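> Right, I'll just put the structure down here and ask away after.
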Amino acid sequence: MSFDSPTPTSYRFCPQCRADLDWAPANEDGGIKYRWRCTQCEFTLWNNPVPVLAAIVEQDGQILLARNAAWSGRMFALITGFMEAGESPEDGIAREVMEETQLLVTKTELVGVHDFQRMNQVLITYHVRASGEVKLSPELVEYKWMAPEQIKCWPRGTGLALADWLRSRGIEPQWMEMPPG
């Protein structure tokens, strides 16, 4: 375990009293844990991973990949989104697919759960079958349908889940080369 002081994700100051946060040890269940803690009021920034849903959307044997409006370059990826309070992961992925593509999810199957530590996320990936005509939300700017055996997986995040799904279908994943970082 590293005791180096990481940069807090979104807080530099305590959200309760506005004092500085300090990378400090405390005796918790299981021993000493380092966390961002307030120097005045004992607030602790837990900084737990966020659950993110991902969909391998299939229609007529093709897989939907989309390009996010916020991304530079021409990277295409799976449909993803944050789980909402009060919904199951299955309901959440159906909602995300509908919100982002206007496709109706007709079948849902869990692919797996993967960590994505660089983004402090836990990815919950589903293979979904969908029907309808794609109409992208403003969050997405472009899409393409691809045969599973033609897809090149990216070597992190949802690309690892996609590779697992391809292997489960007897397809050895192809990998795209990514710049370091």
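> Mind sorting SER131, SER72 by how few other Cβ atoms lie within 10 Å of their own Cβ, fewest first?
Fewest-to-most ranking of SER131, SER72: SER72, SER131.
> Below 15 angstrom from the Cβ of LEU166, what's the summed charge of the other residues (Lys, Arg +1; Asp, Glu -1)?
So the surrounding residues net to -2.
> Just in the range 120-163: which GluC sites (Glu not before Pro) are loop by DSSP and have at most 15 other Cβ atoms within 10 Å?
Passing both the DSSP loop test and the Cβ count: GLU133, GLU139.
> May I ask for the angle, rounded to the nearest 10°, between helix 89-101 and the longest principal axis of the chain, with both axes built from Cα atoms and the value confined to 0 to 90°?
Taking the Cα atoms of the chain, the angle to 89-101 is about 60 degrees.
> May I ask for the Rg/Rh ratio of the chain, computed from Cα atoms with Rh as the Kirkwood radius, given to two decimals?
Taking Rh as the inverse mean 1/r over Cα pairs, Rg/Rh reads 1.06.
> Dipole size in debye (nearest 20) for the range 51-181 around its Cα centre, Lys and Arg Cβ +1, Asp and Glu Cβ -1?
With Lys and Arg at +1 and Asp and Glu at -1, about 380 debye.
> Which part of the range 106-140 falls in the paramagnetic zone of ARG95, meaning amide N under 16 Å from the point 7 Å along Cα-to-beta-carbon?
124
> If you don't mind, there's one more thing I want to ask. Setting aside same-chain residues fewer than 8 positions from LYS144, which lysines have a Cα under 24 Å from its Cα?
LYS144 reaches LYS107, LYS135, LYS152.
> Once label points are set 7 Å from the Cα along Cα→Cβ at both ASP60 and LYS135, what is their separation, rounded to one decimal in nm?
Using points 7 Å along Cα→Cβ, the separation is 1.9 nm.
> When the chain is modelled as a GNM with alpha-carbon springs shorter than 10 Å, which of ASN47, ASN27, ASN68 fluctuates the most?
Its mean-square fluctuation being the largest, the pick is ASN27.
> Using the alpha-carbon centroid of each, what span in Å lies between the range 152-181 and the range 121-142?
18
> Would you pull out the residues with amide H under 5 Å of PHE43's amide H, same chain only if 5 or more places away, H placed 1.01 Å from N?
When sequence neighbours closer than 5 places are left aside, the close amide H contacts are CYS38.
> Under a Cβ-only charge scheme (Lys and Arg +1, Asp and Glu -1), can you give me the dipole magnitude of the range 1-124 about the Cα centre, in debye to the nearest 20?
Here the range 1-124 has a charge dipole of around 520 debye.
Read the figures in this text as sums done on the coordinates, not as results from a lab. Predicted model only: the values in this text are computed from it and were never measured. In this analysis, Cβ positions are derived from the backbone assuming ideal geometry, glycine residues included, and neighbour counts consider all displayed protein chains.
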